[in-house]
Amino acid sequence: MSNQKFEGAVTGKEGSYKDRTLLLENRCEVFFHIEGEQIYVDQTPEGAEAGIWYIEQREEYAVQPAKTSTVYLKSGQPLGKNRIYYLPRGMEIWIASRKNSFLLE
């Protein structure tokens, strides 16, 4: 049995990240960027649509949209910009459009 602590993971459900899991190593924030019709994820906050990180103490994810109408819950509810939202594991979100959906593992 492993003694490793869960550090967070985000799995693509649709789009270019479908079936790919992004590990949030050391619980570091990752940023979602949109370039044209393509989405990519890295650790650069400049120009990002949103940032996401895992909070071990709460066993939740923190999502902070940097722009209006960019991050949505699976239900279609948009999240407001520059606010931090705490979302439980198992929640599905999408970035800019439903074709960029992700599961918070």
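The numbers here are math on the coordinates, done by the rules we state, and not lab data. Everything numeric here is computed off the predicted structure, so don't read it as measured data. With ideal geometry, Cβ positions are generated from the backbone for all residues, glycine too; neighbour counts draw on all protein chains shown.
Overview of values
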{"quantity": "Criterion: over 10 Å from the mean Cα position of the chain (by Cα) and without any contact (Cβ under 8 Å) to a residue 12 or more places away in the chain - qualifying residue of GLY15, GLY36, GLY47", "calculated": "GLY36"}
{"quantity": "Qualifying residue in the range 55-71 (condition: closer than 17 Å to GLU105 by Cα and in contact (Cβ under 8 Å) with a residue 60 or more places away in the chain)", "calculated": "no"}
{"quantity": "Whichever residue in the range 45-100 is of a type outside the set (Ser, Thr, Tyr) and touching a Pro at 6+ places or on another chain (Cβ under 6 Å) and, among such residues, is farthest from TYR17 (Cα to Cα)", "calculated": "LYS81"}
